Amino acid sequence: MQNDDGGKHGITPPDKLGAANFNAPSGAQRDDLADRLTLPANRGIVGWFQSHPIGFWFFFWGEFAERASYYGMRAILTLYMIDVLGFSKANASTLMSFFIAASYFLPLLGGFIADRFLGKYWTIVGFSLPYILGHFILGIEERIYLYIALVLLAMGTGVIKPNISTLMGNTYDLYRPGLTRLRSEAFAMFYFAINVGAFLSQVAMPEIRTRISYSIAFLFPAALMVVAFTVFAAGKKFYAPDVLTEPASKTTEERAAEWRVLGRLFLLFLLVTFFWAIFDQSATTWIFFAREQLDLQLFGMAVDPDQVQALNPLFIMIFLPLITGFWSYLDLRGIKVRATDKILVGFILTAVTMGLHVVAAYLSAASGGKVSLWWQVIAYLVLTWAEILISVTGLELAFTAAPKTMKGTITACWLLTVAIANLVINAPLTRLYPSTEPGLHFPTATSYFLALTVTMVIVSLAFIFVARNFNQQMAERQQEEQNPPLPAADMSAGSEGITTQPPGAFRPAGES
């Protein structure tokens with residue numbers, strides 16, 4: 001799945017969560033806090049579970065159920081619009097793109113509401129209710145109810161997205177202060193829960209739909225969301241308290257420094273939108289291609305065309321720790337691989353993913369029949385590798401380039417790359433997928449996927465120059481930080497009364 005930290009799960013990387021701004025615990029709460037901070041000396045399995053604050057397990061199971069409900073619903077949504085509600089492929093694809101875009105624009109609203117008005121807990125609780133309602137309404141087989149449901153679902157998942165992981169990070173800052181490794185382990189488990197939930201629901205939802213009906217299938221994510229809401233709400237007393245704060249005013253110099261950072265990252269974010277556009281077509285054009293041109297058999301078992309999406313979270317669970325371990329192995333051997341090099345490989349792999357579809361589409365057209373589903377299985381494998389290299393590395397690189405005061409802004413901009421990819425690229429582009437329906441379309445799936453392959457090759461070539469410029473700017477910034485300018489002298493007292501500014505007084509605002 002897209003890494004919502006940025007990427008699609010909305011998880012802020014654990015080492016990027018700043019210290020929480022909390023009221024200090026007092027009285028009995030301090031005594032309870034002291035007890036909680038006495039961690040087991042033996043870090044066995046039991047000790048590991050006991051070392052985490054109780055609130056973590058409410059976050060864990062609540063997020064597992066919520067993400068399972070979201071990705072399960074999304075898995076069958078496109079074919080539901082076509083097969084039941086009578087949408088054309090073009091209109092179904094565009095509506096799906098709008099829905100995904102809204103789900104990644106609305107986190108900006110969620111953060112604003114939580115920080116200024118309701119706090120994170122009550123924002124999550126308040127917007128979970130329309131989220132649950134949206135799931136139930138979606139099963140009513142009328143177009144008007146579809147539109148209402150999608151608004152409620154986008155609002156629910158979007159507003160909740162930035163708040164639950166931040167609240168979890170704040171809880172660790174309060175109950176396990178300074179234990180960054182423990183918090184990192186918690187976020188790794190959190191991310192694992194998301195992908196397990198997504199995998200299970202994306203396998204189960206098409207199966208329920210095929211064996212029973214769409215209306216019954218949509219009750220499954222509705223029930224999961226009820227479970228998620230109940231579990232999360234029940235853990236309130238174990239979470240960090242919310243403190244509403246007014247945003248600090250910024251000086252002209254601080255704003256100028258922020259614009260310089262955004263300028264450095266603009267082209268990186270722009271090119272990443274093309275990756276997300278390819279990635280999110282797995283919910284639309286990839287399904288059409290599997291349905292029309294692939295033999296939907298895997299290991300002798302029948303597979304639904306929208307069930308193949310489950311391979312992405314499965315491959316994430318398998319390969320994320322392996323790839324992370326591989327980079328650590330290289331680092332220990334003194335082999336440094338730059339973040340921009342990893343991203344470049346990710347772009348190339350995305351082009352390879354589209355190239356695999358080109359070959360499969362060509363072979364299907366040439367034979368006049370369907371080709372093996374393994375073509376798309378391999379494409380999902382390569383795309384998952386690309387996701388790990390681009391999504392995880394890209395957000396980390398953006399955080400590295402930004403001062404501490406801009407971490408929230410950078411996360412918001414990263415989420416916006418997903419939203420823009422779907423709103424600006426996929427909404428019009430997926431309408432061009434080959435179809436016998438009226439309208440402008442590519443003549444064949446081969447030509448459609450070839451156009452995307454060429455686009456990603458161009459993006460990869462463009463990134464070489466973007467990366468070169470970015471690395472040069474980062475090297476210059478690092479050199480400035482290591483060798484700050486000499487302090488300026490105050491000559492007003494004459495040559496014998498020189499006074500100097502404190503070291504670092506003339507560094508750009510926001511940089512340490």
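Bear in mind that the values in this text are calculations on the coordinates, not laboratory data. Note that the coordinates shown come from a computational prediction; the quantities given were computed from them, not determined experimentally. No Cβ is skipped: glycine too gets one built from the backbone with ideal geometry, and neighbour counts run over all protein chains shown.
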Inset, instruction - Grab the beta carbon distance between residue 50 and residue 444, set R0 = 41 Å, and tell me the FRET efficiency rounded to 0.05. - result: 0.10
Legend entry - For residue 298, distant residues with modelled amide H under 5 Å away: 303
Legend entry - Net length gained if the chain between residue 91 and residue 207 were fully extended (0.36 nm per residue, minus Cα distance): 39.3 nm
Inset, instruction - Would you kindly compute the Cα radius of gyration of segment 262-334 and its largest Cα-Cα separation (Dmax), both in Å? - result: 17.7, 52
Legend entry - Across 89/161; 120/250; 161/250; 89/370; 120/237, pairs whose alpha-carbon gap is larger than 22 Å: 89/161; 120/250; 161/250
Legend entry - Reference-scaled alpha-carbon Rg (2.2 N^0.38 Å with N residues) for segment 310-457: 1.24
Legend entry - Ordering of 168-174, 252-258 by packing [mean C-beta count within 10 Å, highest first]: 168-174, 252-258
Inset, instruction - Convert 4 °C to kelvin, take the viscosity as 1.567 mPa s, use the Kirkwood radius over C-alpha pairs of segment 208-293 as Rh, and evaluate the Stokes-Einstein diffusion coefficient in µm²/s, rounded to a whole number. - result: 68
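Give me the net charge for the shell around residue 224: Cβ to Cβ below 12 angstrom, other residues only, Lys and Arg +1, Asp and Glu -1.
So the environment of residue 224 carries a net charge of -1.
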Legend entry - segment 36-179 - convex hull of alpha carbons, volume per residue in Å³: 124
Inset, instruction - Using amide H atoms built 1.01 Å from N in the peptide plane, name the residues 5+ places from residue 372, or on other chains, whose amide H lies under 5 Å from its own. - result: 295
Inset, instruction - Mind giving me the nanometre distance, one decimal, between the label points for residue 478 and residue 291, set 7 Å out from Cα along Cα→Cβ? - result: 5.0
Inset, instruction - Note down the magnitude of the dipole of segment 286-345 about its Cα centre, charges +1 on Lys and Arg C-beta and -1 on Asp and Glu C-beta and zero elsewhere, to the nearest 20 debye. - result: 480
